[in-house]
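Note sheet for the following structure.
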């Protein structure tokens, strides 16, 4: 009952942008969480250094990879931000059965190779002609993910139950996955399909799939284009990282502040026309149904980091899977179906220049109009709005 009461208390998203978690991040995008101890700040700094470090083949990079550093892709607005870089996933769909085509290097393309090594030449992968599903995945920002990691599974499960009871047409469901780091079944919350449950697993997965760096958590090298025989030329065979860098990456993400709230401008900022329009737009956001999935506030539970413990924050997401119809990317991951996608968090939206999972939308309105499946009714309500209401909604979204 305590969990249920907690979820009910945050569902209306009445926590204001003056919440300590938001205002404490006012130093800017990429800042550490407010209230960290000196030891935690040192961990954040060390993690940021590892995050920005450029890996080489001698460090274990590759033999195929997508980037040489985490910061190379996650940088818009500050270290840890997203970017317009879009990665490619592929596979085949036969009836309702999805094949990630691991024998061809799927489902994730690694675009680069380390070049000549021994008798081998490592080059970037390409989508095989046999693939019938090809999907883009935009690089997402990492701001505030420590707060997301600290939300108890029970809160997200209870939130899904509340949605099923009060808004069944748009209700989401938790993606239950086996967390590689712990071996336990847990609620996924990271990735476009909520396919990863914890930041530690997220870190290890990124080191392997984005940079080709193996760890005790993910000890098996990615086979270039699915051909494992060429791994005999790998310059650094076996495990590349003993978890030191992965742990540091996890620390950086865990202690990274959420996006700072946009501050009103002018002599009388809260009476300005722009800020009044944004306030009206927040009401439109609720009225058309955006808040049904883009839940404005969640709360963390217990944490060894005091700055993360029992905090209310505003991600504008329920981190649940929703059937998005034609907006789904066609890829199956774990228990997430081809048409299901995680509700994208909207905090930090004002930094983005492309939207949706594949970056196809170049305006916020285009992204709204692309909604389908469980988002279709909200899309139609948005289309029926008078122009001034659409303007105020846009004004609100650009404050996030």
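Values quoted throughout were computed directly from the atomic coordinates according to the rules given, and no laboratory measurement underlies them. In this text, all values refer to a predicted model and were calculated from it rather than measured experimentally. Glycine also receives a Cβ, built like all others from the backbone with ideal geometry; neighbour counts cover every protein chain displayed.
Relative to the longest principal axis of the Cα atoms of the chain, the long axis of helix 38-52 lies at roughly 60 degrees.
Pick from 121, 217, 243: which residue has the top mean-square fluctuation in a GNM of the chain where Cα pairs under 10 Å get a spring? In the Gaussian network model the winner is 121. Note on residue 370/residue 102: beta-carbon distance plugged into 1/(1 + (r/R0)^6) with R0 of 41 Å gives a FRET efficiency of 0.85. Relative to the longest principal axis of the C-alpha atoms of the chain, give the angle of the C-alpha long axis of helix 153-166, reported between 0 and 90° and rounded to the nearest 10°. It is inclined by approximately 50 degrees.
Under the rule a/c < 1.5 gives rounded, and otherwise a/b versus b/c splits prolate from oblate, where does the range 208-318 land using the Cα gyration tensor? Here the range 208-318 falls in the prolate category. Mean separation of Cα pairs under 8 Å and 6 or more residues apart, divided by the residue count, gives the chain a relative contact order of 22 percent.
Per the Debye calculation on the range 282-334 with a single equal scatterer at every Cα and no solvent contribution, log₁₀ I(q)/I(0) for q = 0.19, 0.31 Å⁻¹ amounts to -0.82, -1.15.
If I take every Cα pair under 8 Å that is 6 or more residues apart in the range 194-344, average their sequence separation and divide by the length, what percent do I get for the relative contact order?
16
Alpha-carbon geometry of the range 131-180: the Rg and the Dmax are 14.9, 40 Å, given in that order. Note on the range 358-391 and the range 193-219: Cα centroid distance 34 Å, given to the nearest whole angstrom.
Identify which of 71, 113, 226 has the largest mean-square fluctuation in a Gaussian network model of the chain, with springs joining Cα atoms closer than 10 Å. Judging by the Gaussian network model, the answer is 226. Note on the range 324-395: Cα-Cα pairs beyond 17 Å make up 49% of the total pair count. Dividing the radius of gyration of the alpha carbons in the range 88-134 by their Kirkwood radius gives 1.10 for Rg/Rh. Residues considered: 362, 74, 104. Largest GNM mean-square fluctuation over the chain, using C-alpha springs under 10 Å, is found at 362. Applying Stokes-Einstein at 10 °C and 1.306 mPa s to the Kirkwood radius of the range 65-160, computed over alpha-carbon pairs, gives a translational diffusion coefficient of 98 µm² s⁻¹.
Applying 1/(1 + (r/R0)^6) with R0 = 22 Å to the Cβ-Cβ distance of residue 92 and residue 360, what FRET efficiency is obtained, to the nearest 0.05?
That pair, residue 92 with residue 360, gives E of 0.50.
Along its principal axes, the range 90-221 has C-alpha extents of 60, 36, 26 angstrom, given from the largest down. In the chain, Rg over Rh equals 0.97, where Rg is the alpha-carbon radius of gyration and Rh the Kirkwood radius from pairwise Cα distances. Only helical runs count toward this figure. For the chain, summing -39,500 (n - 2.57) over DSSP H runs of n ≥ 4 and dividing by all residues gives -8000 deg cm²/dmol at 222 nm. To test your reading of the geometry: what angle, between 0 and 90 degrees and rounded to tens, separates the Cα axis of helix 387-397 from the longest principal axis of the chain? Around 60 degrees separate the two axes.
Using a cutoff of 8 angstrom between alpha carbon atoms and counting only pairs six or more residues apart, the relative contact order for the range 136-231 works out to 16 percent.
If you wrap the range 272-400 in the convex hull of its Cα atoms and look at it from every side, the mean projected area works out to 9.3 nm².
Derived from the Cα gyration tensor, the three semi-axes of the equivalent ellipsoid of the range 168-261 are 29, 18, 12 Å, largest first.
Could you check the spin-label model distance between residue 54 and residue 37? Points 7 Å from the Cα along Cα→Cβ, value in nm. According to this spin-label approximation, the distance is 3.7 nm.
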